[in-house]
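Q: Got a structure for you, questions after.
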Amino acid sequence: MPAWSGVRVVRHSDRRRRARRRRVLWGGAEALVTVGVLLMLLVVHQLWWTNREARRGAERQVEALEREWGHGGYGAGGAAPAPNATSSSPSTAPASTPDASESRTPQRSYTPVSLPRRSQAYAVLTIPRLGLRVPIAEGVSKADVLNKGYVGHYRGTQQPGQAGNFALAGHRNTHGEPFRYLPRLRRGDDIEVETRTATYTYDVDQILPQTSALDSGVVRPVPRSLVRPGYGYDQPGYYITLTTCTPEFTSRYRMVVWGKLVSMRPR
């Protein structure tokens, strides 16, 4: 029996297979690390960078509106608008008397001289409990409105101070996330809407924690959920509606906050 019969012979083909296996495993590990880094960068972009840029842009827009209102006068011609200048229905919204903010009794409203253009920022939303102060723009386009950190006005719903439903939407996460802390609102909290002509104050009245994203009843002139009809109203009035996605980091459902107009202060 040969002396070398118990020694294992390593063939060149075995070495090549092991080398290929090591290269495949190493390449797979590198690919996984690369994917992980890219995912991490994507998360950083969505959760930090978009918020930072959108918030800065929204703050600059609020400052621009305040400068415009402070020096630009009223309306296109610089004169103060008459009550209900663009409304075809009788005016019965909040009072402009000196003690309106104390009595908080709606009596009449001022409405814009001209309706805002699509995607135009034209008002400021302030919610003291949330420390929130953001622009309101016409429409709910993601690219032109919501992703800029603005709150969007549902086209076809009423304007601030008008009878009916002034309905707004905003991101809950990413792109400034102005409505991230909407669940912290409580009944009686103030919601203020400033325009060129007046500041309207609404009080939070009802909160619908969750409904379908297709529940169009919540933005009707007399808002009432079609999915959960126990939430909403039966009588015409002066309403504000705030809508956002829920739960966080999803867009499957909507959360809704309703408020009622309680006062108006002309600028």
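The values are calculated or read from the model by the stated rules, or taken from the named source; none is laboratory data. The model shown is predicted, which means the values in this text are computed figures rather than measured ones. Methodologically, a virtual Cβ is constructed for each residue, glycine included, from the backbone with ideal geometry; neighbour enumeration extends over all protein chains shown.
Q: Name every residue in the range 170-196 that is among the β-branched types (V, I, T) and either surrounded by fewer than 17 Cβ atoms within 10 Å (Cβ to Cβ) or at pLDDT 95 or above (or both), in order of residue number.
A: Once the filter is applied, which keeps residues that are among the β-branched types (V, I, T) and either surrounded by fewer than 17 Cβ atoms within 10 Å (Cβ to Cβ) or at pLDDT 95 or above (or both), the range 170-196 yields I191, V193, T195.
Q: Here's something else I'd like to know. Going by the structure shown, is V145 at pLDDT 95 or above, closer than 29 Å to W49 by Cβ and either surrounded by 19 or more Cβ atoms within 10 Å (Cβ to Cβ) or among the aromatic types (F, W, Y) (or both)?
A: So V145 passes the test.
Q: Out of contact with any Leu (no Cβ under 6 Å at 6 or more places or on another chain), polar (S, T, N, Q), surrounded by fewer than 18 Cβ atoms within 10 Å (Cβ to Cβ) and modelled with pLDDT under 95: does that describe T111?
A: no
Q: Quick one: how many residues across the range 218-267 are small (G, A, S), without any contact (Cβ under 8 Å) to a residue 60 or more places away in the chain and either assigned to a strand (DSSP E or B) or surrounded by fewer than 18 Cβ atoms within 10 Å (Cβ to Cβ) (or both)?
A: Total satisfying the criteria: 3.
Q: Of all residues in the range 173-200, which are among the charged types (D, E, K, R), in contact with a strand residue (DSSP E or B) (Cβ under 6 Å, 6 or more places away or on another chain) and under 15 Å from A58 (Cβ atoms)?
A: Within the range 173-200, just E194 meets the criteria.
Q: Among the residues of the range 148-202 satisfying the criterion of being of a type in the set (G, A, S), without any contact (Cβ under 8 Å) to a residue 60 or more places away in the chain and part of a loop (DSSP other than H, G, I, E, B), which is nearest to G232 (Cα to Cα)?
A: G188
Q: Considering the range 208-217 alone, what residues qualify as being crowded, with 17+ Cβ neighbours inside 10 Å and not in a loop (DSSP other than H, G, I, E, B)?
A: Scanning the range 208-217 gives L208, T211, G217.
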